[in-house]
1. Only one of Glu91, Glu59 is of a type in the set (Asp, Glu) and more than 30 Å from Asn206 (Cα to Cα). Can you tell me which?
2. Does Asp430 satisfy the criteria of being acidic (Asp, Glu) and either in a loop (DSSP other than H, G, I, E, B) or free of Cβ contacts under 8 Å to residues at least 12 places away in the same chain (or both)?
3. State whether one or more residues within the range 475-491 are open to solvent by 30 Å² or more (accessible area, probe 1.4 Å), touching a Pro at 6+ places or on another chain (Cβ under 7 Å) and of a type in the set (Asp, Glu).
4. Conditions: (1) in a loop (DSSP other than H, G, I, E, B); (2) surrounded by fewer than 20 Cβ atoms within 10 Å (Cβ to Cβ). Pro417 meets all but one. Number of the miss?
5. State which residue pairs qualify: first residue part of a loop (DSSP other than H, G, I, E, B) and inside the range 1-23, second residue open to solvent by 100 Å² or more (accessible area, probe 1.4 Å) and modelled with pLDDT of 75 or more in any location, beta carbons under 9 Å apart, and separation of 6 or more residues or different chains.
6. Going by what's in this entry, would Gly80 be described as open to solvent by less than 100 Å² (accessible area, probe 1.4 Å) and on the phi > 0 side of the Ramachandran plot?
7. I need the full set of residues from the range 309-324 which are more than 12 Å from Ile338 (Cβ to Cβ) and out of contact with any Leu (no Cβ under 6 Å at 6 or more places or on another chain), in order please.
8. Condition (residue is open to solvent by less than 100 Å² (accessible area, probe 1.4 Å) and either modelled with pLDDT under 80 or part of a loop (DSSP other than H, G, I, E, B) (or both)) applied to the range 111-126: is it met by at least one residue?
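The values are calculated or read from the model by the stated rules, or taken from the named source; none is laboratory data. None of the values given here were measured: they were computed from a predicted structure. Cβ atoms come from the backbone with ideal geometry, glycine included; neighbour counts cover every protein chain shown. Each accessible area value is taken on the protein alone, full model and side chains, heavy atoms only, with ligands, DNA and RNA left out. Shrake-Rupley method; radii C 1.70, N 1.55, O 1.52, S 1.80 Å.
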Amino acid sequence: MEIVYVYTKKREEFGRQCNFTDRTAESLVDIPVDESLKESFIERNPCEIAIQCAPEMSEHEINTERFETMSRGINHVEGGWPKDINPAEVEQTMRFRKKVEKDEVYIQAIQQLGSVMEHTIKQNNAVDIYEEYFDDIVEDGCAEPPSAKTINVFRDPNEHKRTAANISWYPDNAQKLAVAYSVLEFQRSAPGMSMDSYIWDVESPNKPDMTLKPISPLVCIEYNPKDPHCLVGGQYNGQLAFWDTRKGSQPIEVSAISNSHSDPLYKCIFLTSKTGTECFTTSTDGQVLWWDIRKMAEPTETLVLDITKKGKPTLGGISLEYEPTMPTKFMVGTEQGIVLSCNRKAKTPAERIVANFSGHYGPVYALQRNPFFPKNFLTVGDWTARIWSEDLRESSIMWTKFHKSYLTDGCWSPVRPAVFFTSRMDGCLDVWDYMFKQNDPTLSLQVCDDALNCLRIQDHGSLMACGSHSGNVTLLELSESLSQQQRNEKASVTQIFERETKREKILESRYREMKLKERAKSQQGEDKSGEDDEENAEELIEEADKNFWFTVEQEKIGIEKKEKEAEQ
């Protein structure tokens, strides 16, 4: 038997607060006693029942399925016109406007709205609610401690997780980033593993915005700074591929494999040119190739990384550096730990390699000039990050301490000249601020448990993307103290670099003087020892002769004693 009581309410009262009032008790239902049911029960006398005053609670765990969101667009067009009028026809719309303006109802409506509009305009002009009263006061960036928070994590959607090998930000704004996925350990690549790379929307981490389908896994990727729809990718087989995102996921053109690199293409950078279609690449096959993406059948120029000047590649390229303010100069970081400074417009191939800087015990994974001081550049390799000056080739002017884990990547802050970032194999991101301290990182952040493989900071300096060995790309937002330039920071960094450069020059000249003195002493010692050696040689021969005959006599005596003992 169901007990139902219907509460009725008018539609206009829906959503109103319920008003409860006191009233007398009322019997809704009276159920008579059924004696037949008594036989099914046993009477308990006495009956003990435990009662706990505290509310009873239970804990349950549940894992909900991920809800995938998708962006949809809608195009609003001009409307509100009668059906017999085409909005695209200017004459028809003009006639209809004139007709409406002559209507008396229209004039009355305008007059009524005019007084209301005039009142609101005067009210707005009286007080500016958006007025800034403290524009002249400069905020002190040091007040806030340096920090970074995770905004989103973009995961490789494939079953077999691959390494996030390289990241490139969308040039116009920080809404998109392209990630190259590949397995750099050849033995770990499983059959049937996906070769796709993705373009992600920053606000949509559940599904990639676009899929790039190369013929070989991408090792590096780079947006064209002049055309945000175009990007190039360096493939594991050494070929260079070019995409136009308006024309789909397949590459528009791929370089001929016979004219490409023979090793994985590790780095690609666009050059500043009138057409905006030129770029250059490097690989561990010991070559630097220049390309025009309009015609990728063969490279426009080739440079062999040879410091012995024998014409054969002796060094393998891992990283590149190009500064638009110095269009003829570029730098190459090699897997042997040497950084080469090159000039593209040199007359002969041997003269293209101007200088080399050696200071790392392993591959130079990152190489970048300081955006504010192009003469100083950052290198990351082995267990340290080093800052160099072009004026000094023997040693770096500043360097970090040796870390327990290997460093994998690094870059300068585009807005603060004293700040740079490094990533480590233990999953940590280190933020170095030389205005704060120089011996230890200002901020160490454990981004993930896997090794960090690459990092890339956005041009505005507030967003950082870190790619891991397991294919996760973590998007971090840096605090204002790390993304806004401090007062007199540029002048202070100039003094630091000049001081350290001067110190290293003094040490270098002192070291050269000591070497020259040691060489002069060794030459003098050789001249004197030549005369003494002739005299000492005769004495040594005489002593050796005496020692020889003495040992012979001792052995004779020993033999005679043994013979006498045998006769007895």
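1. Values: Glu59 fails: more than 30 Å from Asn206 (Cα to Cα).
Criteria check complete, one pass: Glu91.
2. Working: acidic (Asp, Glu): yes; either in a loop (DSSP other than H, G, I, E, B) or free of Cβ contacts under 8 Å to residues at least 12 places away in the same chain (or both): no.
So Asp430 does not fit the description; no.
3. In the first step, residues of the range 475-491 are kept if they are open to solvent by 30 Å² or more (accessible area, probe 1.4 Å); the result is 477, 480, 484-488, 490-491.
Now narrow it down to the ones that are touching a Pro at 6+ places or on another chain (Cβ under 7 Å): 490.
Filter once more, keeping what is of a type in the set (Asp, Glu): none.
Checked against the condition, which is being open to solvent by 30 Å² or more (accessible area, probe 1.4 Å), touching a Pro at 6+ places or on another chain (Cβ under 7 Å) and of a type in the set (Asp, Glu), the range 475-491 yields no hits at all.
4. Going through the list (1) in a loop (DSSP other than H, G, I, E, B); (2) surrounded by fewer than 20 Cβ atoms within 10 Å (Cβ to Cβ), Pro417 breaks only (2).
5. Met1/Ile31; Ile3/Leu28; Tyr5/Leu28
6. Numbers: open to solvent by less than 100 Å² (accessible area, probe 1.4 Å): yes; on the phi > 0 side of the Ramachandran plot: yes.
Taking the combined requirement at face value, the residue satisfies it.
7. Taking the range 309-324 as the starting set, the residues that turn out to be more than 12 Å from Ile338 (Cβ to Cβ) are 309-313, 320-324.
If the condition is that a residue be more than 12 Å from Ile338 (Cβ to Cβ) and out of contact with any Leu (no Cβ under 6 Å at 6 or more places or on another chain), then Lys309, Lys310, Gly311, Lys312, Leu320, Tyr322, Glu323, Pro324 are the ones that fit.
8. Within the range 111-126, not a single residue is open to solvent by less than 100 Å² (accessible area, probe 1.4 Å) and either modelled with pLDDT under 80 or part of a loop (DSSP other than H, G, I, E, B) (or both).
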